[in-house]
Structures are given as structure tokens and as C-alpha cells.
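Here is the structure we will look at, set down as C-alpha cells.
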Amino acid sequence: MIALRPPVQRQQHIIYSTILCLLLLPWTTRSFLVQTCATTTTRNDKHDQARRTWRSTYEYVNVPTTTNTRRRSRSTTCTTSLAAQQQVTISLDPKLTDDRVTSLFAWISRAFAGDPNDQYNNLMLAIVAVFGANLPPNSEPVLLLEAARAKLSKNEEELTGAPISLYMREEASLGAMGAAQWTGQWRTRPHALLNVQNMTSVEEDWVKGLPRGCRRTLKKADNAQGQNFTVTALPIRGGRAAPHSSLAHFRCVVEHEVRLMSNMYGPEDVDGFFSALQEAVSRYVGTTRMAGEIREYRNAKGKIIGFAHEVRKGRTIRGQWFYSTDEASKNYVWFHSVKDLVKRAIEAEGVDVVDLGPSGTDAFSELKERYGFESVEDWPAVANYLGPFYYDDEEMSSDEDNEGEDTLMRMLRDALR
């Protein structure tokens, strides 16, 4: 993983941010030293626009097989007895394109598939391969990426996730749901909760009580459905690939995380950009391993633009994850997903609370509060998660992995919780 640091201001018009990482590739005759530098330069032209460039130093070193390469520090320096070196300077361009997202997905797909070449487990190398502008054409990052792209399906919606059992999916969901706090292990962050026990209508009991601006936004979200997007519920079944384990869904996660980071720190923050990519990969892996169901959003042309991942357990329904493309963010998709979740929670039997979980920023906590979700520190006292996971889909009860040992383990776990 890349350890990125916040940029340090040197002059008013120049920002430097550097990291130095050692990558030891399996070639017996080569090693690579990568130093990532971010340089922002502003030029005053007649339009007074800023021009920014980001550069990387990619040091390509030929090392004899008998040479000892010693790493003195994981993130600072390395030494070698090699007398002659060839250094190639390349540009590392922090710009997101559809083709680059495809390349990144192709790379990590090889890691998920258990490719015998363990270099696919190296995310730093993946970023160098995907975002390096002028890597030597026969360098290993380029060759690895070409091989990964060649094995990638032409169908962006082809599911590539592992067939994880339902029991394992439920276990993977507990941490993100905050089970550590309701089981008394440690206190987690406050959760945004909405009590729906005394509500019978989403419009009368929830929407009407919101501020005027919030009501307008929800109205726009209602109008957008059918015109700008459609929604489909897809259960996450045990023993099968997750319904959102595809390149199309991966795009949603990547665009979502990069957009959030850009909104927080500005589009010129190169460190934030690459940190967002790491976060996106991690979150994609997490959501595709968990239980529940997704609400999949498609635009008028049928393209996937977002998904909401929900989990119901005990007397609480949790809005676990939400990811969307830039297109979806302009069409009020998140607001629609929240209203739809509240509506279904009110109509469902045995649901008392809607939980939107913790927020990454104070601004997002304030946004949830404007829509009636109170930030609660002792949230297990309000949101009852004790009891089994719940599934609307009848086929879930007949899944093969529901039988035998998995079922007994789930019953024992739920009894203890």
C-alpha cells in the first residue's frame, strides 16, 4: 500500500509532496526504486488559470544476480553495490479515466483470482503501471498490466467475486455494522439513527417534518426516478458471487472515493487522489464480501451509476454502504436511496430503527441530521441489532450453504448476540 503524506507548502505557487518506496520485483536481474513527487506550478496567463503537473522519478536499475540489495529503510532509502545505473524519469498523472479504472480493475482481479504472480498483490506497482505516463515498454509493470487486461472480460457487468458462504458474509458484515460496541468489546463512532416505531407514512411522518430545503431535494429525487434512473433490488446470496462484484460497480466505488477526497482537500491534492484509490480498492473488497442486498441504480441508457448496500439484523435496518458515479451524484441518487430506505423501514414488520452508520466528516454528519438522523454515541441502546440477519428473498432460505454446520454456527452466534 502507498503511504502518502499531506503536501508541504514551500512557496505560494509551488507545492511539493514526496514519498520514496522500494519495490523489489521477482526478476533476478532487476529492481526498481520509485520516488513519487507532486509538484504544482501556477502560471499567470491572460485567463489567469493554473497549470499543474505531477511528476514521478522511476529509477530503473540493472542488478546482477550476485548483487546484494539492502533495504535500510522501508520508506526512505535503499543501497546497492551496482556500479552503473540507468535512471528513467516518468510522469505519474493523477487523472481518472474510464480506461485507467478498467486497468486498475484488471490488475486487482488477477490478485483476487489467486494469480501465481504475486506482484499482482502490490497496489503500489499497480498504480505505477496504470498511472505512469512513459514507463519503458518492456518493463515488468507494463507487461503485467497487459497480461491482466488480456484476461479481463469484455462485459463490464460480468460478476467476478468469490462464491462466499452466507455465514462468512454475515461474519464479514459484523465489523462494519459496529458489532464491537453492541457486544461490549469497545466503543465505536457515533451512528446516525432515525426511530421509525411511531411512523406510518414516509411523507406524513418524516418528509413533512424536514426543513424546506430538504423537502425540495427529496422532491427532485422523486422526479429523477424513472426519468434519470431506475432502481433494482438484488439480494447477496451465499455460495455465489456478489451481485455488485463487477467492473461497472467498481467504477462507482472509485469515482465516489476520488470525488469525496477531491471535495475535502481540493482537486490539486495528488496525495489525496492516490489515497482515494487505495480506499476505493479496500472498500470494494469489503462490500463484495458482506451479506444483505444492494439497490442498484441505472441511468436512462441502462448504465450502472450507483448502488446502496443494506443489511437488516435484529430490529434495525442498516444503510451499510453507498457508492455512485459523478453522474449519479448530480441526480440526487443518495437522497433517493435514503428516502426509499426510510419508506421500506416504516412499512416493514419488526423494524424500529434506520441506521446510516458513522460519518467520515462533520459535514456529512450535519447533512444526516438535517434529514432527521440523530448522531448517537450509545447507539446500541437505540438500535437493536440482537437477533438474526433478515432476508426478504425466499430463495435465501434454500441456499445450499444454509444447511449443516453453517446454519448451526449462525444459530449459536445469533443466540450469543
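The table below gives the values:
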| read-out | value |
| --- | --- |
| Equivalent-ellipsoid semi-axes of segment 233-283, from the Cα gyration tensor, Å, largest first | 28, 10, 7 |
| Column: log10 I(q)/I(0), Debye, Cα scatterers of segment 205-329, q = 0.09, 0.13, 0.19, 0.20 Å⁻¹ | -0.30, -0.63, -1.15, -1.20 |
| For peptides 274-287, 363-376, 146-159, sequence by mean Cβ density within 10 Å, most packed first | 274-287, 363-376, 146-159 |
| Segment 171-274: GluC sites (Glu not before Pro) in DSSP loop, at most 15 other beta carbons within 10 Å | none |
| Calculated diffusion of segment 298-355, Stokes-Einstein form, Kirkwood radius summed over Cα pairs, 10 °C and 1.306 mPa s, µm²/s | 130 |
| Computed over segment 136-292, the ratio Rg/Rh where both radii use C-alpha atoms and Rh is Kirkwood | 1.04 |
| Greater than 24 Å apart at Cα, pairs in LYS301/LYS343; LYS151/LYS301; LYS343/LYS368 | LYS301/LYS343; LYS151/LYS301 |
| Of the GluC sites (Glu not before Pro) in segment 324-363, those whose Cβ has at most 12 other Cβ within 10 Å and which sit in DSSP loop | GLU349 |
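Each value in this text was obtained by applying a stated rule to the coordinates, not by laboratory testing. Everything numeric here is computed off the predicted structure, so don't read it as measured data. Cβ atoms come from the backbone with ideal geometry, glycine included; neighbour counts cover every protein chain shown.
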